[in-house]
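Down below is the structure, laid out as structure tokens.
The values are calculated or read from the model by the stated rules, or taken from the named source; none is laboratory data. This one's a predicted model, so the numbers in the text were calculated from it and none came from an experiment. Ideal geometry is used to build each Cβ from the backbone, glycine not excepted, and the neighbour counts take in all protein chains shown. These area figures cover heavy atoms from the full protein model, side chains too; ligands, DNA and RNA do not enter into them. Shrake-Rupley method; radii C 1.70, N 1.55, O 1.52, S 1.80 Å.
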Amino acid sequence: MNKTELINVRLNDEGSAVIILDQTLLPNEEKYIELSSAKALFEAIYTLRVRGAPAIGIFAAYALYVLARQIKSNSYDEFTGEVLKQSSYLESSRPTAVNLSAQLRRMENLIKNPPSRNIPEILDLMREEADKIYNEDVQMCRAISEHGLSLIKDGFGIMTQCNAGPIATSKYGTALGPVILGHEKGLKLKAFICETRPLLQGSRLTAFELGRIGIDSTLICDNMASIVMSEGKIDAVFAGCDRIAANGDVANKIGTSSLAILAKHYNIPFYIFGPSTTIDLNCATGDDIHIELRDSTEIKEMFFTKQMAPNEIKCYNPSFDVTKNSLITAIITENGIFRNGLAP
Ligand code: MRU
């Protein structure tokens, strides 16, 4: 495998398991794990072994295929009933990124309307569909990266939140795609990476991805964004997204909306990058987006050698927040740069 390319999600050769890069071990260990039981596949999404909106959508499609292969019944109705059960189990692992439910729905539609009721044929179609989902994401991320590159000039300082790089997608990434492409084309860019408490996707994952390909990167704590912007080091903020509502409000990793508010204050453009699979036209506004609440141990204990807060302290741990469309300079999808919400 080439040094710049990590294969984040794929099927094993037999099609009996999904192989992922275990992102909970980064940056210390690059370990691939094979998963085939419903419990292990669910747990991988829930604990963020696989994460990032497009990546969990792709993973879920392959996971459903792997689980469907394990069904013993030859009856189409029983087979379909069981697949739909497994699909809702996988879907319940995380609520905010629409890609998870959207890609599962796509797989379900295939099973509900098959050209024949022959189960081996349906399984072949499921595998083809999951590959299609993967390959379409590769194309979309490439196009997003190219559109995004037109927003960058040599010497730009770019602030980013969480991780929207290649390992959060199929390949290339979304918000980090233009930065990586710009670097490949010889632009001298400076990335400022917010560490992204509590799960540290910025310091563990973005710093790892940008560092390994030699992009000039500086890690900051989340509460340092304002001073860094005030010092004139930032020309643009690039962030990914987990769900884009019909009115252009965007849910992304907790802390994204704070950066958008700061960017407006300092007159810095704030861009959101995501494939059209992250748009949810059934969600009218950001207020309709279900924000995932996660365990308090992520705030009090995780990554510390000793617990860092009293046992009895109440914690509030929303995993995402919504950035209002008025704070977003443009949304970049594979279809172009949209400066007025989703209107062309
Ligand atoms: O909780 P995570 O790590 O899955 O959150 C991921 C993000 O918020 C990303 O910015 C988003 O999914 C886009 S990934 C291309």
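Taking Arg127 as the residue in question, decide whether it is part of a loop (DSSP other than H, G, I, E, B) and either under 22 Å from the mean Cα position of the chain (by Cα) or within 30 Å of Gln70 (Cα to Cα) (or both).
Values: part of a loop (DSSP other than H, G, I, E, B): no; either under 22 Å from the mean Cα position of the chain (by Cα) or within 30 Å of Gln70 (Cα to Cα) (or both): yes.
When the stated conditions are applied, Arg127 does not pass them.
When you scan the stretch 70-78, do you find a residue that is among the acidic types (Asp, Glu) and either away from the ligand (no atom under 16 Å from the Cβ) or closer than 30 Å to Ile234 by Cβ (or both), even just one? Yes, there is a match, as at least one residue in the stretch 70-78 is among the acidic types (Asp, Glu) and either away from the ligand (no atom under 16 Å from the Cβ) or closer than 30 Å to Ile234 by Cβ (or both).
Under the condition of being open to solvent by less than 60 Å² (accessible area, probe 1.4 Å) and more than 16 Å from the ligand (Cβ to nearest atom), which residue from the stretch 297-319 is farthest from Ala245 (Cα to Cα)? Walk me through how you get there before you give the answer.
To start, the set of residues in the stretch 297-319 that are open to solvent by less than 60 Å² (accessible area, probe 1.4 Å) comprises 297-300, 309, 315, 317-319.
Right, trim to more than 16 Å from the ligand (Cβ to nearest atom) and you get 300, 309, 315.
Details: Lys300: 32, Ala309: 36, Cys315: 28 Å.
Residue satisfying both the conditions and the ranking: Ala309.
Take the stretch 201-218 and flag every residue that is touching a strand residue (DSSP E or B) at 6+ places or on another chain (Cβ under 8 Å) and surrounded by 17 or more Cβ atoms within 10 Å (Cβ to Cβ).
Gln201, Gly202, Ser203, Thr206, Ala207, Leu210, Ile215, Ser217
Ile272: under 24 Å from Met159 (Cβ atoms), open to solvent by 20 Å² or more (accessible area, probe 1.4 Å) and modelled with pLDDT of 95 or more, yes or no? In short, no. The set of residues from the stretch 219-233 being assigned to a helix (DSSP H, G or I) and either crowded, with 16+ Cβ neighbours inside 10 Å or among the acidic types (Asp, Glu) (or both) comprises Asp222, Ala225, Val228, Met229.
Scanning the stretch 66-74 for residues that are more than 22 Å from the chain's Cα centre (by Cα), part of a loop (DSSP other than H, G, I, E, B) and aliphatic (A, V, I, L, M) turns up at least one hit. For the stretch 145-160, the condition holds for at least one residue, the condition being that it is under 11 Å from Phe238 (Cβ atoms) and of a type in the set (Phe, Trp, Tyr). All conditions in (1) under 21 Å from Ala44 (Cα atoms); (2) open to solvent by less than 20 Å² (accessible area, probe 1.4 Å); (3) of a type outside the set (D, E, K, R); (4) part of a helix (DSSP H, G or I) hold for Thr80, with the sole exception of (1).
Restricting attention to the stretch 130-172, report how many residues are assigned to a loop (DSSP other than H, G, I, E, B) and closer than 17 Å to Ala102 by Cα.
2
In this structure, does Ile244 turn out to be open to solvent by less than 50 Å² (accessible area, probe 1.4 Å) and either out of contact with any Ser or Thr (no Cβ under 9 Å at 6 or more places or on another chain) or within 16 Å of the ligand (Cβ to nearest atom) (or both)? Here the answer is yes, as Ile244 does meet what is asked. Scoring Ser93 on the criteria (1) without any contact (Cβ under 8 Å) to a residue 60 or more places away in the chain; (2) of a type in the set (S, T, N, Q); (3) assigned to a helix (DSSP H, G or I) leaves a single failure, condition (3). Within the stretch 167-200, being within 22 Å of Gly57 (Cα to Cα) and either among the hydrophobic types (A, V, I, L, M, F, W, C) or open to solvent by 30 Å² or more (accessible area, probe 1.4 Å) (or both) holds for Ile167, Ala168, Lys171, Tyr172, Ala175, Leu176, Leu199, Leu200.
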